[in-house]
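These notes concern the structure reproduced below.
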Amino acid sequence: MTQRIGLGVALAIASTACFALLDTVSKQVGLLVPVVMAIWCRFAVQTLMTGLLLWPRLGRRMWAMQAPRWHVARGLLMLCSGSVAFMSLRHIPVGEFTAVLTLVPLVITLLASLLLHEHVSRTTWLLLIGGLCGALVIIRPHGDTFDMHLLWPLLLVLINASYQILTSRMVRTEDPGTMHFITGLICLVGASVLVPTFWVPVADPFTWLLIALMGVFGSLGHYVMIQAYQCAPASTLTPYMYAQIAFATLAGWVAFDHVPDATTTLGIALIVTCALLGLRQR
């Protein structure tokens, strides 16, 4: 049992490395091609890879759905999440972007209180406020006017929290592999409606390599995370998810020569502290 939990932790950390690389590559691709085109290419590669990885285990069961409408809703949330993530990464460094997303567990608690009428303690409310303050420190305005694009990461937190709540309800009846495959497929279909309008010719092979890597890192990250949850419970794995901040900061330094300043580091520390304390309240 101990070895199995250890494997789950190792897989969870590996998945955070994949997600950090996904965000780093996405930031670069977002500067080279239109967002819709980048999203379509990402989910085209991801859907193909997911299908190839899961078909030997699931076969035709990969298409078995108990609640198709929930799958559609989950896919649309993922499509919105990917779109907003691209917009965020155009304005926010990768490390800081990842740190803001660690607010998701606290926002899930908030939504559970508002939508599911679950009890939330006063301490949890204070931690949520503290985490939001940390996020505002990170996305603080530079210059005389505030760039509204800097609020994209906070919108992404809300979308991802809704996505996680929906996922937690669906896993009661749906196979995780099917959920992952169908979600990617719905994102691909949704992006296909718009991509002809935004498609631009790309002659640089390196750009195509980066586009392909988005799908690879996204697909591997989600697949490895599924395997991690099969080895260890979420309560055990969640604290290790914060390794993504370290990976993202390192990747941002290597790829974009960006090192967080002292104020940004303070904001990251505040978010992580509030998020970790929030886990103890759950």
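The values are calculated or read from the model by the stated rules, or taken from the named source; none is laboratory data. Worth saying up front: this structure is predicted, and the values here are computed from it rather than measured. Don't worry about glycine lacking a Cβ; one is built from the backbone with ideal geometry, like all the others, and counts go over all protein chains shown.
Determine if the stretch 1-11 includes at least one residue that is out of contact with any helix residue (DSSP H, G or I) (no Cβ under 8 Å at 6 or more places or on another chain) and of a type in the set (Ser, Thr, Tyr). Yes, the stretch 1-11 contains a residue that is out of contact with any helix residue (DSSP H, G or I) (no Cβ under 8 Å at 6 or more places or on another chain) and of a type in the set (Ser, Thr, Tyr). For GLY177, the criteria (1) over 20 Å from ALA64 (Cβ atoms); (2) of a type outside the set (Asp, Glu); (3) in a helix (DSSP H, G or I) hold in every case but one, which is (1).
Checking each residue in the stretch 119-152 for being at pLDDT below 70 and among the hydroxyl-bearing types (Ser, Thr, Tyr) picks out only THR145. Within the stretch 149-199, the set of residues being touching a residue at least 24 places away in the same chain (Cβ under 8 Å) and of a type in the set (D, E, K, R) comprises ARG169, GLU174, ASP175.
Kindly check whether there is at least one residue in the stretch 213-236 that is more than 30 Å from ALA64 (Cβ to Cβ), at pLDDT 80 or above, part of a loop (DSSP other than H, G, I, E, B) and hydrophobic (A, V, I, L, M, F, W, C). No, that holds for no residue. Against the numbered list (1) within 16 Å of TYR223 (Cα to Cα); (2) at pLDDT 90 or above, THR50 comes up short only at (2). Please work out which residue is farthest from PRO93 (Cα to Cα), limiting yourself to the stretch 30-40 and to residues that are within 17 Å of the chain's Cα centre (by Cα) and buried (at least 20 other Cβ atoms within 10 Å of the Cβ). So the residue we want is TRP40. When the stretch 25-57 is filtered for residues that are of a type in the set (Ser, Thr, Tyr), over 15 Å from SER83 (Cα atoms) and out of contact with any Cys (no Cβ under 9 Å at 6 or more places or on another chain), only THR50 remains. Screening THR207 with (1) in a helix (DSSP H, G or I); (2) over 12 Å from ALA38 (Cβ atoms); (3) in contact (Cβ under 8 Å) with a residue 24 or more places away in the chain; (4) β-branched (Val, Ile, Thr) gives one miss only, at (2).
The lone criterion from (1) farther than 16 Å from PHE206 by Cα; (2) in contact with a Phe, Trp or Tyr (Cβ under 7 Å, 6 or more places away or on another chain); (3) surrounded by 21 or more Cβ atoms within 10 Å (Cβ to Cβ); (4) among the small types (Gly, Ala, Ser) left unmet by GLY51 is number (3). For the stretch 257-282, a residue qualifies if it is out of contact with any helix residue (DSSP H, G or I) (no Cβ under 7 Å at 6 or more places or on another chain), within 19 Å of VAL100 (Cβ to Cβ) and at pLDDT 80 or above, and the qualifying residues are ALA262, THR265, ALA269, THR273. Within the stretch 177-191, the residues that satisfy the criterion of being in contact with a helix residue (DSSP H, G or I) (Cβ under 7 Å, 6 or more places away or on another chain) and more than 11 Å from MET62 (Cβ to Cβ) are THR183, GLY184, ILE186, CYS187, LEU188, GLY190, ALA191.
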